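Presented below is the structure to which this report refers.
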Amino acid sequence: GLYRFETAPDPLGEGPGPTPQELLANFVHEPTVAQVRDASIRYAEVHPEKITSWRTQARLKALVPKFNFTADTNLTDFRHWDSGTSPDSLLRGEKDVDWSANVTWELGDFVWSADQTSIDVRSKLMVELRDDIVDEVTRTYFERRRLQVLLLTDPPADQQKLLEKELRLQELTALLDGLTGSYFSRHAHGTQKN
């Protein structure tokens, strides 16, 4: 008269489920979305300080002078036929060398440099690229987090569906690694390799 009854373990146990804060506490070992965004901006080299540096360098360019040096030899008079008493003689004349050197400063570059137009165009493109990267990182980060919470709160009973969700989780992790130069994986498990 003994009966054996097996049940599938409930991942969250009996009683009220965990609060959102308790669920999210499972992921404190992973970088925050702000850290991942910063890593992606550094990796793509689209940080705002780069534009500021370009503008500063364009202004400082006015301090560097432009050097110009030219030298020329007048070859027409270097050798000539004697037109005097012995016309069949080739005479060597004086070597005629002209040279000049110039140093100029473009002091107007302190106020406005022609490079500023190029910097403005590149900075606009950089801001657009940075926004695209931040959007992609944020979307991928939170899609991954939703999937992690779903696997904790309601894991699929079917092994095939569970495998698909686990593979999707690995895919999202790989996407974050691709956007951050592997920063995400290096910092996700408490290991901080630089």
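Values quoted throughout were computed directly from the atomic coordinates according to the rules given, and no laboratory measurement underlies them. Quantities reported herein were computed from a predicted structural model and do not represent experimental measurements. Please note: Cβ atoms are built from the backbone with ideal geometry, for glycine as well, and neighbour counts cover all protein chains shown.
Working out 0.36 nm times the residue gap between K61 and A101, then minus their Cα-Cα distance, what length gain in nm do you get to one decimal?
That works out to 12.4 nm of additional length.
To the nearest 0.05, what FRET efficiency results for R186 and A157 with a Förster distance of 25 Å applied to their C-beta separation?
The pair R186/A157 has a calculated efficiency of 0.15.
Compute the separation of the alpha-carbon centres of segment 132-194 and segment 104-124 and state it in Å as a whole number.
After rounding, the separation between the Cα centres reads 44 Å.
Under 1.5 on a/c is rounded, so check that first for segment 134-194, then, if it is not, pick prolate when a/b is larger than b/c and oblate when it is not; a ≥ b ≥ c are the square roots of the alpha carbon gyration tensor eigenvalues.
Prolate shape, in that a/c is at least 1.5 and a/b is the bigger ratio.
Can you list the HN-Hα couplings for segment 117-133, worked out from phi with the Karplus curve (6.51, -1.76, 1.60; θ = phi - 60°), rounded to whole Hz and with x for Gly and Pro?
Couplings: 4, 5, 5, 4, 5, 5, 5, 4, 5, 5, 5, 4, 5, 4, 4, 4, 5 Hz.
Multiplying the sequence separation of E166 and K124 by 0.36 nm and subtracting their Cα-Cα distance, what value in nm do you get?
11.2 nm
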